[in-house]
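Note sheet for the following structure.
Computed from the coordinates by the stated procedures, all read-outs in this text should not be read as laboratory data. Quick caveat, the model's predicted, so the values are computed rather than measured. Note that each Cβ is placed from the backbone with ideal geometry, even for glycine, and that neighbours are counted across all protein chains shown.
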């Protein structure tokens, strides 16, 4: 039960933190069974289907003892893999072999992006294998996941530490592509990527995406991140931030037993947050804060100069993209507050709370599933740094989700006007809005004023918009 809850919590958090989401738990089913010396409750978890590299690698036992059956299994799977890889590239982009090469590169790119995001977000799996990753770059098998205090060279079950690209190359993809060279049908066999090609993609994509994620942490909106990254000023600033992150993290830390409390020589999360917040205050306060955070004068000057140039670029791109001048300042300051929350307490500490909760409350859980929902959602909401808005140019700074109806209530900062408002995104069935435990006719909603009470505040509806069988309500 404990691991089932951990999978559910991490699945929801990483669905929002990582570029291609996670393999989420759809249901946790309690049983009357127990395991271990302490008789911990056992449970079944129902997860989304996955596509693992291990599915396409021949097993040693199969090759040695059941070669004919193993050949049939692999032949059937590689036929499906061919269709899957080709699905990434439209037919007009070339021959089947050319499209197959491009499709493979996309798979390598996505998996590498996933690892780069985990590194910069200080979340760590540590048990890398061809069966613990989805080919689409989706996080998978989340039992070993833990949160780090910074950018430690963490070790768990892998041969190489956190942030080392050899985990992607030698543990996952080299074996996967080596086997494809033997099992793919002609003529695609000749189009399977070489180890050298795979390694080259991994090196360049990992470095670029680590640096881009650092720019996200200093308040860059996702929708303009690629534009901002194209500018050399942004790349120089991101490189300096990565240099800060690596300093003081030379020693290996085995997180099987502990998590390092020291995030390195520099607390990069605080630096990224304070660079933005203090730069909007007086110059004296800004410089004073920076002196405390980065005592080394040479490094401090690098960060100060590169941040100033980056900030000009970011503001320029944001304004050209439709953000308001003063609204973007509010957007960015709100973003750095949320995004630079430490993740250390996400599972270390709550792991034991989960065990305590499931044992003490297991009978109540069995009779009242909302108890489990509330517990899982509370942990998710307190540790999440990324929410998604259905409205462009908005930053979500708070969210409440009703899992049974699918309605989502969000508090957002408008990047165009600078105002804070409440938005409700809820499913519409037969012209009826399903709003938490309420059902409201859309026709009646448009013709009558509606208010929403949150705590001591009351909000009036300002607009209703339909999008893909969902209604987006904005409140003043």
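Distances between every pair of Cα atoms in region 71-164, grouped in 5 Å steps from 0 to the bin holding the largest one, split as 2, 12, 18, 19, 14, 11, 11, 7, 3, 0 percent.
Binning all Cα-Cα separations of region 122-275 at 5 Å, short to long from zero, yields these whole-percent fractions: 1, 8, 14, 17, 18, 17, 12, 7, 3, 2, 0, 0.
Can you tell me how much longer the chain between residue 186 and residue 463 gets when fully stretched, taken as 0.36 nm per residue apart minus their C-alpha distance, in nm with one decimal?
Numbers: separation 277, 0.36 × 277 = 99.72 nm, distance 5.76 nm.
Stretched out fully, the residue 186 to residue 463 stretch lengthens by 94.0 nm.
Our compactness index for region 1-128, the C-alpha radius of gyration over the empirical 2.2 N^0.38 Å, is 1.38.
Quick one: in region 206-318, what % of C-alpha pairs are over 23 Å apart? Could you put the intermediate results ahead of the total?
Numbers: 1937 of 6328 pairs.
Cα-Cα pairs in region 206-318 separated by more than 23 Å: 31 percent.
Calculated on the alpha-carbon coordinates, the convex hull of region 1-73 measures out at 152 cubic angstrom per residue. The slack between residue 127 and residue 20, meaning 0.36 nm per residue of separation minus the straight C-alpha distance, is 36.6 nm. Along the Cα-to-C-beta direction of residue 86, a point sits 7 Å from the Cα; which residues of region 159-188 have their amide N less than 14 Å from that point? Those under the cut-off are 185-188.
Please find the FRET efficiency linking residue 283 to residue 309, where r is the Cβ-Cβ separation and R0 is fixed at 25 Å, and quote it to the nearest 0.05.
Numbers: r = 16 Å, r/R0 = 0.66.
Once rounded, the FRET efficiency stands at 0.90.
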